[in-house]
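Structure, as structure tokens:
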Amino acid sequence: MLEVRNLYFSYGSMVVLKGVSLRVEKGSIVAVIGPNGAGKTTLMYNIIGWYKPSHGDILIENTRINGIPAHQIAKKYGITLVPEGRKLFPNLTVMENLMTVSHFFKSKKEFLENLSKIWEIFPRLKERQKQLAYTLSGGEQQMLAIARALMSKPKILLLDEPSLGLMPTLVTTLFKIIKRLNDEGLTILIAEQNVTKTLEIADYIYVLENGKVVYEEKPEILLKNDVIRKTYIGL
């Protein structure tokens, strides 16, 4: 469904991505793990069109999307990112944040139908729909960031460090939600430093370091590699 081929990206003279390639099959959860500075966020920004790669291809269902504006990629090809740090509109209410993607819907009825699904997944947000985003807890803000992304009806959901800054109990809840969304048919690409939780839900893992994929494998096989396990998981 999503394929990245030999992707390069530079900030000025600094090459951040150095020939990254990966595949995300429809209906799967694919994870990109690696240390800070490995290039995970830069990879996500290239996929959604916020950054333009210097070399390589990004394909959605075999269609090359390099150079297409981010808003067109989101609406036409159904790729949505939940960015690191959430990037909510802090002085808008929960409902107003969700309404920022109302242009994805053809009618008010369609919007309300999708909203009812969001309330079912995130009942806490329904209770707080009139509350300003900045007054929410960290966990609630992350739920709102994911809910806003889901309101755009994505085919592929990208998650960049979704558990960052959350308490362990909330991290567990978050990963249960991610797994549920996948079980309901959503294709997911996740960049995450909580490798233990990621391995529990991912179908395939890419290890990124210094802008390169240094290892890729299914989680159960990755765990048998002593070097990878000790270096990136700490086990």
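Bear in mind these aren't lab numbers, they're just calculated from the coordinates by the rules spelled out. Keep in mind that this is a model prediction, so the values were computed, not measured. Virtual Cβ from ideal backbone geometry, glycine too; neighbours counted across all protein chains shown.
The table that follows gives values for the structure above.
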| read-out | value |
| --- | --- |
| Approximate shape of region 125-235 as ellipsoid semi-axes (Cα gyration tensor, √5λ), whole Å, largest first | 29, 16, 12 |
| Antiparallel DSSP beta bridges within the chain, as percent of all bridges there, nearest 5 | 55 percent |
| Compactness relative to 2.2 N^0.38 Å, alpha carbon Rg of region 36-131 | 1.29 |
| Over region 36-75: Kirkwood hydrodynamic radius from C-alpha pairwise inverse distances, Å | 10.6 Å |
| Long-range amide H partners of Gln131 with built H, under 5 Å | Val94, Met95 |
| Order of Leu132, Leu7 - criterion: other Cβ atoms within 10 Å of each residue's Cβ, fewest first | Leu132, Leu7 |
| Stokes-Einstein D (µm²/s) once Rh is taken as the Kirkwood radius of the chain over alpha-carbon pairs, at 20 °C in 1.002 mPa s | 117 µm²/s |
| Extension gain (nm, one decimal) between Lys224 and His71, 0.36 nm per residue minus Cα-Cα | 51.0 nm |
| Per-residue Cβ neighbour rank within 10 angstrom, fewest leading, Met99, Met151 | Met99, Met151 |
| For region 69-80, Karplus couplings with θ = phi - 60° (6.51, -1.76, 1.60), whole Hz, Gly/Pro x | x, 4, 5, 6, 4, 5, 7, 7, 10, x, 10, 10 |
| For peptides 106-115, 12-21, 82-91, 196-205, sequence by mean Cβ density within 10 Å, most packed first | 196-205, 82-91, 12-21, 106-115 |
| Residues with amide H under 5 Å from that of Ser54, placed H, sequence gap 5 or more | Tyr8, Phe9, Ser10 |
| Cα centroid of region 1-55 to Cα centroid of region 77-131, whole Å | 27 Å |
| ³J(HN,Hα), Karplus 6.51/-1.76/1.60, whole Hz, each residue of region 113-123, x for Gly, Pro | 5, 5, 4, 5, 5, 5, 4, 5, 6, 10, x |
